[in-house]
Amino acid sequence: MALDETIPRLAKLAEATRTLRDNDAEDASLQPHHAVKDSVMKVARAEVRRGSLLPVYQADQGGIRISEQAITTLIWFGADALPGVRARRCRVHPAPGTADGPRPAGTADISVSLRIAVASGTNIPRTAELLRQRIISMITAHVGLNAKAVNITVEDFYDV
Amino acid sequence: MNEREPVVLKRPDDLDEATLVARAQDGNLDAFEYLVKAYQGRLFRLAFRMLQDRGDAEDVVQDTLVACWRKLPLLIDVHAFSGWLYQMATNRCLDSLRRRSSHAEVVQEPATLQTTADSSTEPGAGGDPAREAEVSFEMDGLATALLTLPPEQRACWLLREIHERSYAEIATTLKVSEQTVRGRLARARAQLAEKMSPWH
């Protein structure tokens with residue numbers, strides 16, 4: 001095919017491509033039926049991940065445990081209230097040396113590892129220290145556990 | 001600040017995608033649902049243009065998103081999320097086409113979309129009915145020509161031209177080199193331009 005025929009054809013194709021891209025993106029019929037999302041969410045709820053269970057209180061008559069996910073949600077909530085912080089992945093473990101024996105409420109120790117993104121321009125040491133204090137006091141107030149160690153990793157910046 | 005205030009997380013709309021991915025990885029259903037809503041349309045459009053069948057395209061979207069939930073904790077880089085999702089969807093489309101070709105001689109029904117009826121009201125043609133008809137005609141011609149491409153070429157073309165994915169990502173998705181992606185794309189463009197020309 002001669003070059004002078006090919007170029008207008010490719011230009012026409014590029015134009016049709018743009019039209020197809022824009023029209024498809026706005027075409028309400030090019031969406032899956034809502035049953036698709038419903039089925040996906042049904043599976044997700046049935047297979048929800050709660051992480052490991054941590055002992056809060058242990059007595060001879062029985063104990064109370066709390067899921068890692070419940071504590072994580074509390075930590076995210078605590079972080080969300082701080083300007084310039086977005087809390088991401090979180091791991092919660094019983095602190096080393098925490099035995100399984102009988103233990104009154106409010107004495108079990110946990111250690112927290114939290115990854116965060118901060119807004120560009122944030123004072124990282126100051127913000128991280130505020131976040132650490134906030135996490136410690138919230139875990140005491142809401143679940144009656146002692147956050148012995150709170151390790152914070154700044155993994156990313158986000159634009160404000 | 002009252003430390004006993006009710007525990008309500010920031011709305012997903014107020015967070016960035018990487019944070020939502022990380023929270024979904026840790027089992028947060030609201031974050032995951034937000035991602036499902038954000039991606040289901042894009043994945044459906046890819047699958048529909050690959051497979052030209054609504055039911056098959058919906059199956060691909062559903063399979064991809066369920067696999068996404070199950071495998072999310074294994075994703076190392078939250079910023080790789082969208083590429084990873086496109087990769088899972090593309091491979092499912094190619095698998096679906098392979099299954100079809102192994103049941104040879106299955107005649108494909110024409111597209112069952114309700115778009116043609118309201119295509120005259122679509123934007124972009126500036127209210128000129130003749131021009132609108134021409135635009136809609138060109139689009140249909142392109143969509144039809146696309147179906148004549150080999151599946152891997154069609155995937156390359158759709159991922160690059162419609163979904164604007166990077167060459168590097170497409171290469172990873174299709175397990176070929178970037179050079180191969182560029183070659184397939186050039187062949188796809190040439191073929192599409194050729195196939196569309198009889199209408200002009």
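Structure notes:
- Going through (1) modelled with pLDDT under 90; (2) at the interface with chain B (Cβ under 7 Å from one of its Cβ atoms) one by one, A:Ser52 falls short only on (2).
- If you check A:Gln69, A:Gln58 for being among the polar types (S, T, N, Q), assigned to a strand (DSSP E or B) and in contact (Cβ under 8 Å) with a residue 12 or more places away in the chain, only one passes: A:Gln58.
- All of (1) among the aliphatic types (A, V, I, L, M); (2) more than 8 Å from chain A (Cβ to nearest Cβ); (3) out of contact with any Phe, Trp or Tyr (no Cβ under 6 Å at 6 or more places or on another chain); (4) crowded, with 17+ Cβ neighbours inside 10 Å hold for B:Val78 with one exception: (2).
- Matching residues, region B:126-184, being basic (Lys, Arg) and farther than 27 Å from B:Gln87 by Cβ: B:Arg131
- Every pair of residues 6+ apart whose Cβ atoms lie under 8 Å, when the first sits in region B:30-59 and is touching a residue at least 12 places away in the same chain (Cβ under 8 Å) and not assigned by TED's automatic domain parsing to the domain that holds B:Leu158 while the second is of a type in the set (Phe, Trp, Tyr) and assigned to a helix (DSSP H, G or I): B:Phe32/B:Trp69; B:Leu35/B:Phe81; B:Leu43/B:Tyr86; B:Leu46/B:Tyr86; B:Arg54/B:Phe48; B:Ala57/B:Phe44; B:Ala57/B:Phe48; B:Glu58/B:Phe44
- A residue that is over 24 Å from A:Leu145 (Cα atoms), at the interface with another protein chain (Cβ under 9 Å from one of its Cβ atoms) and more than 32 Å from the chain's Cα centre (by Cα) occurs somewhere in region A:29-40.
- Residue list for region B:22-53, restricted to those being more than 19 Å from the chain's Cα centre (by Cα) and not in a loop (DSSP other than H, G, I, E, B): B:Ala22, B:Arg23, B:Ala24, B:Gln25, B:Leu29, B:Asp30, B:Ala31
- Extreme residue, nearest to the other protein chains (Cβ to nearest Cβ), among residues of region B:5-21 that are aliphatic (A, V, I, L, M) and in a helix (DSSP H, G or I): B:Ala18
The values are calculated or read from the model by the stated rules, or taken from the named source; none is laboratory data. Model, not experiment: these values are computed from the prediction. No Cβ is skipped: glycine too gets one built from the backbone with ideal geometry, and neighbour counts run over all protein chains shown.
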